[in-house]
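The values are calculated or read from the model by the stated rules, or taken from the named source; none is laboratory data. In this text the structure is predicted, and so the values were computed from the model without any measurement. Using ideal geometry, Cβ is built from the backbone for each residue, glycine included, and neighbour counts are taken over all protein chains shown. SASA here: full protein model, heavy atoms, side chains in, ligands and nucleic acids out. Shrake-Rupley method; radii C 1.70, N 1.55, O 1.52, S 1.80 Å.
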Amino acid sequence: MAAFILLLGAVLNRLLSRLVSKILYRLTKRYAAGVTEQELHDLLIHPLGTLLFLATLYLAFSVLRYPLPPLAVKGVEPWHKVVLLGVFHLGVIGTVVWVITRLVDFALLVVQRRAELTATPSARRLDNQFLPFAKDLLKVFIVLIGVLVMMGKVFSVDVTALIGGLGIGGLAVAFAAKESLENLLASFTIFLDEPFAVGDLVTAGNVSGTVEKIGFRSTRLRTAEKSYLTVPNKNMIDKPLDNLSLRTSRRVGFTLIFDHKTNSQQLQAIILEAVEAIKDHPLVTQDVQMKFNNITPSGKEVTVQYFVETTSYDEYLDTKEDLNYRIVQVVEHQGGTFASVSTPVAVPTE
């Protein structure tokens, strides 16, 4: 009979897992706009299969009758049976926690899809930042409850007394987890103050990159070198933070050096024509400055400064390239020549 139950459970495991996920989807279908049944099935198939496997094991072994050892005391369970039953309870509780965390994933996926369909762009940015944090927070809470249930059910620990004792040892725990608590509080500060959001390009201290995730302890940045940088949340709010995505424009500044063969009439004509060429670009503000700034033994220095109205770094680079070509064409048209020096003739800044 036990072998038959095990065989039947193995055959029906996947079918029953799919059936349970299908029933759950039917119950939540009216609220699960934008989420497919297959996505719910992918989330639940493994934890539900494990839970059904444990149920099959329990049913199979419950029909067996074990002979007592010669020295067994009546009414006292053999030690190996107690150990196996404890392992079984641990497995069941852990699998139930697994199922609940996957249901949390599904619930927050539903919230995210509904927000994508109805929310404004600013609200979607906030959802992209807050939902992963809320998901991690719920999972930690569920896992803590699961651990307490394990301790009370399997190890016969008085959970109420344990929680009361935590108040006494709270100071020791707080000192031991000082850094973690500071980073956790910093994460709440980030969500409340909103100095940046997921997708923003930021610079904090000597690190910079695009924000990909804000977690309990740290913020993940994707750098310009495409590396994945993890920064503690405390460092993100304790240091001056520059949110480059919120600036209205990007400054371009550099110096051109012409040789002394370029006369004053040519230099004036180059500056006037180059300023007009820069202003004609649709992404450049009218605040364009191009000044004959200095005379040195190596040549005549002309400083150039303008602002590009874009938050896209690629668009900023394309604009700089286009205007560099225009300036070179203006210099060639007026017959000017650049100085030949050993040092770089242009020092771009942002």
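A prolate overall shape is assigned to the stretch 235-350, the ratio a/c of its alpha-carbon gyration tensor axes (a ≥ b ≥ c) being 1.5 or greater and a/b exceeding b/c.
Computed over the Cα atoms of the stretch 1-57, the ratio of the radius of gyration to the Kirkwood radius (Rg/Rh) comes to 1.10. Measuring nothing but protein heavy atoms, the accessible surface of the stretch 227-350 at 1.4 Å probe radius is 51 percent carbon and sulfur. In order along the stretch 95-100, the phi-based Karplus estimate (6.51 cos²θ - 1.76 cosθ + 1.60, θ = phi - 60°) of 3J(HN,Hα) comes to 5, 4, 4, 4, 4, 5 Hz; Gly and Pro are listed as x. Taking the alpha-carbon distance from residue 226 and a cut-off under 20 Å, which lysines remain once sequence neighbours fewer than 8 residues away in the same chain are dropped? Here the lysines satisfying the reach criterion relative to residue 226 are 213.
For the peptides 49-56, 17-24, the ranking by mean Cβ contacts within 10 Å, running from highest to lowest, is 49-56, 17-24. Note on residue 22/residue 317: beta-carbon distance plugged into 1/(1 + (r/R0)^6) with R0 of 41 Å gives a FRET efficiency of 0.20. When 81, 300 are compared by accessible area at a 1.4 angstrom probe, the order from most to least is 81, 300. Take each peptide in 83-96, 147-160, count the other Cβ atoms within 10 Å of every residue, and average; sorted highest first, the result is 83-96, 147-160. Residues in the stretch 10-18 carry Karplus couplings, in order, of 5, 6, 8, 4, 5, 5, 5, 4, 5 Hz; the curve used is 6.51 cos²θ - 1.76 cosθ + 1.60 with θ = phi - 60°, and Gly or Pro positions show x.
Let me have the relative contact order for the stretch 197-322, percent, based on Cα pairs under 8 Å that are six or more residues apart.
Computed over the stretch 197-322, the figure is 22 percent.
Taken over the stretch 242-350, lysine pairs spaced eight or more positions apart, or on distinct chains, with alpha carbons under 20 Å apart number 6. Rounded to the nearest whole Hz, the Karplus-based 3J(HN,Hα) values (6.51 cos²θ - 1.76 cosθ + 1.60, θ = phi - 60°) of the stretch 276-285 follow the sequence 5, 5, 5, 5, 6, 5, x, 9, 9, 6, with x at glycine and proline.
Database remark: amide H of residue 198 closer than 5 angstrom to the amide H of 129 (H placed geometrically; neighbours at sequence offset of 5 or more, or on other chains; Pro and chain starts carry no H).
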